[in-house]
Amino acid sequence: MKKRVLSGIQASGDLHIGNYFGMIKRMVEYQDRSDLFLFIANLHTLTTIQDPKEMKRLTLQAAMDLLALGIDPDRCHFWAQSDVPEVTELAWILSCVTPMGLMERAHSYKDKVAKGIHPTLGLFSYPVLMAADILINQVQVVPVGKDQKQHVEIARDIALKFNGHYGDTFVIPEPEIPEEVAVIPGVDGQKMSKSYGNTIPIFGAEADIKKCVMGVVTDSKGIGEPKDKQCTLLQLCKVVMPAKDYADFEKRFCKGGMGYGDAKKALLEAIQKTFRPFRDKRIHFEAHPEEVEKILEDGAIKVRRVTFKTLERVREVTGLRY
């Protein structure tokens, strides 16, 4: 039997290559080797986006992006988080068994407030909603980056506490962190993130993508000097280029004789070659948003067969079903 795997992506703006190589590419591969559950986390997005028109636009944009990049609703469960009301009911029930100390140790709240996000109860309790996303679908594996590992650990702790008090109800999930793409560097060398403003967009204008690539931070070494294997530019090339092409490129780059300008052009070419096939699909979905809305509607119906069953069990063991 295939393992059940879950992942979610926030509806928070343009996707970048870090999103693709860090998560989406793996999700496309998971469609064949696992029972994939993939959702657009627009309830989580409410912590930062509260304009209704913008929320709807971003939710549909995220769906179009994922569909264009290879997510197939016939081979997975694919839905928008807000279309499955069972998850918010479970989040409240879980919050009633979650120790405050566990929440106070969560680093995400402090990190986001430090970045200027307005502190709210929703932002503070974000990990409980994430736990509900995971546990209500009874998933076994949650692929995450290193920075999200604590959220899965919190979900595990909550599930163990709930199961210990009410009896076996939830599957205990395991995080999966592939080391080779654990952190995708941005153009400044930090983790690629919209919040850092250091991304390379997937579906942006060609001129904007080129500007981002040419802005990748490098040192001052000349063309003839050997280059550092750990430099940001080479790490990005390693992520984007096919393994065979990269092996030859790395040798030429590191021994000297290649300037940073030529290396950036090679990175740009690799990005264009990788994502060009997805652009036509993205244009189609943008011209036919009704198709995307129908896909999300059908996906919610499909996944609620799972979430309703879990919530009925939770209501029964907690005494809420009388």
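The values are calculated or read from the model by the stated rules, or taken from the named source; none is laboratory data. Computed from a prediction, not measured in an experiment: that's the story for all the values here. Using ideal geometry, Cβ is built from the backbone for each residue, glycine included, and neighbour counts are taken over all protein chains shown.
Residues that are in a helix (DSSP H, G or I), within 16 Å of Leu6 (Cα to Cα) and touching a helix residue (DSSP H, G or I) at 6+ places or on another chain (Cβ under 9 Å) are absent from the range 110-121 altogether. Checked against the criterion of being within 23 Å of Thr274 (Cβ to Cβ) and not in a helix (DSSP H, G or I), the candidates Asp188, Asp168, Asp208 yield just one match: Asp188. Return yes or no: is Val216 modelled with pLDDT of 95 or more, closer than 28 Å to Ala266 by Cβ, touching a Leu at 6+ places or on another chain (Cβ under 6 Å) and not charged (D, E, K, R)? Yes. The residues listed here are Val152, Val171; of these, the one that is assigned by TED's automatic domain parsing to the domain that holds Ile9, touching a Pro at 6+ places or on another chain (Cβ under 8 Å) and among the aliphatic types (A, V, I, L, M) is Val152.
Within the range 61-72, if we keep just the residues that are surrounded by fewer than 22 Cβ atoms within 10 Å (Cβ to Cβ) and either without any contact (Cβ under 8 Å) to a residue 12 or more places away in the chain or in contact with a strand residue (DSSP E or B) (Cβ under 9 Å, 6 or more places away or on another chain) (or both), the residue that is nearest to Gly145 (Cα to Cα) turns out to be Ile71. Residues in the range 27-45 that are within 16 Å of Ala132 (Cα to Cα) and assigned to a loop (DSSP other than H, G, I, E, B): Ala41 only. When we screen Ile49, Ile93 for residues that are among the hydrophobic types (A, V, I, L, M, F, W, C), surrounded by fewer than 22 Cβ atoms within 10 Å (Cβ to Cβ) and not in a helix (DSSP H, G or I), the only hit is Ile49.
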